[in-house]
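Taken together, the values in this text are just the output of simple stated rules run on the coordinates, not laboratory data. The shown structure was predicted, so the numbers you read here are calculated from the model rather than taken from an experiment. When we count neighbours, we look across all protein chains shown, and the Cβ atoms used for this are built from the backbone with ideal geometry, even at glycine.
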Amino acid sequence: MDLTQVWISAEDPISRAGVISQLRVRPELRLLEPAEKDSADVAVLVTSSLDERTLRRLRSIQRKGVTRSVLVINQIDDGELVTAIEAGVVGVVHREDASVDRLVEVIRIAAAGQGTVPPDLLGRLMSQVGQLQRQVLEPRGLTFNGLAAREIEVLRLIAEGYDTTEVAKALSYSERTVKNVLHDVTSRLQLRNRSHAVAYALREGLI
């Protein structure tokens, strides 16, 4: 079994020592010293609320781009949940629910690149996502993947081997419009060319 490398951070030494003492005996985890935190697979931050200090730590972890964050927290509202997710949090555990087994489960899920949110928070988050889609994205012709519907249509046809003229005919666009769509996508997503754009769309499951 591959050990999950875990770094524990808490707003006070007693909380940190308590979590460490509970997790140290778990054979699937290896707890890291503070000096080793950059090699962690998962960082567990224990806090009572999403204060500025915790946010700074989360963003610092996010900038490194390797370690995933799990937040063990007393209370968090809808806006704070979105902020935490934007700061790279992939797992949230209510402090009152943070049994050893539950915490290990969330850590392992995070290490596998997946996310975990308590049911009460998930329901509210989904409601916010739906509202964002209806009120902000749909009026602008956008989807959550950052591509407009016509951009996805153009990339799908390019992936099927159509050239610019054939794409324009199939979608009743001008050739200039097709070229502009491809230019917008490659520029916005910092892709090299149309082949790179198609490869990106396929990899992300967009087409």
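Any chance you could give the angle, 0 to 90 degrees and rounded to 10, that helix 175-188 forms with the longest Cα principal axis of the chain?
Helix 175-188 and the main axis of the chain meet at about 20 degrees.
Can you figure out the FRET efficiency of LEU122 with SER174, using R₀ = 41 Å and their beta-carbon distance, to the nearest 0.05? Don't skip to the end; give the middle numbers.
Details: r = 44 Å, r/R0 = 1.08.
Working from the Cβ atoms, E equals 0.40.
Treating the angle as unsigned and between 0 and 90°, give the value, to the nearest 10°, between the Cα long axis of helix 13-23 and the longest Cα principal axis of the chain.
That works out to roughly 80 degrees.
So for the chain: antiparallel DSSP bridges make up what percent, rounded to the nearest 5? Walk me through the numbers on the way to the answer.
On the way: 1 of 21 bridges.
The answer is about 5 percent antiparallel.
Can you list the lysines whose alpha carbon is less than 25 Å from that of LYS64, not counting same-chain residues fewer than 8 positions off?
The reachable lysines, counting only those whose Cα sits under 25 Å from LYS64, are LYS37.
Which value in nm describes the separation of the simple spin-label points at LYS64 and GLU86, placed 7 Å from the Cα toward the beta carbon?
It works out to 2.3 nm between the two label points.
Where q = 0.12, 0.15 Å⁻¹, what log10 of I(q)/I(0) comes from the Debye formula for the stretch 51-121, counting one point per Cα?
So the normalised log intensities are -0.28, -0.45.
Largest first and to the nearest Å, give the Cα extent of the stretch 4-129 along each principal axis.
The principal-axis extents, from largest down, are 38, 29, 28 Å.
Mind jotting down the distance between the C-alpha centroids of the stretch 3-82 and the stretch 166-207, whole Å?
When both Cα centres are located, 40 Å separates them.
Count the net charge of all other residues whose Cβ sits under 13 Å from the Cβ of SER99, scoring Lys and Arg as +1 and Asp and Glu as -1. Mind dumping the intermediate values first?
Details: positive: ARG26, ARG95, ARG102; negative: GLU96, ASP97, ASP101, GLU105.
Computed value for this residue: -1.
Counting each pair of different Cα atoms once, what's the Kirkwood radius of the stretch 141-203 in Å, rounded to one decimal?
Hydrodynamic radius (Kirkwood, Cα pairs) of the stretch 141-203 is 11.5 Å.
Can you list the aspartates and glutamates whose alpha carbon sits under 13 Å from that of LYS169, skipping same-chain ones fewer than 8 residues off?
Hits, sequence-local ones excluded: GLU153.
Return one number: the angle in degrees, 0 to 90 and rounded to the nearest 10, between the long axis of the Cα atoms of helix 119-132 and the longest principal axis of the Cα atoms of the chain.
Helix 119-132 sits at roughly 30 degrees to that axis.
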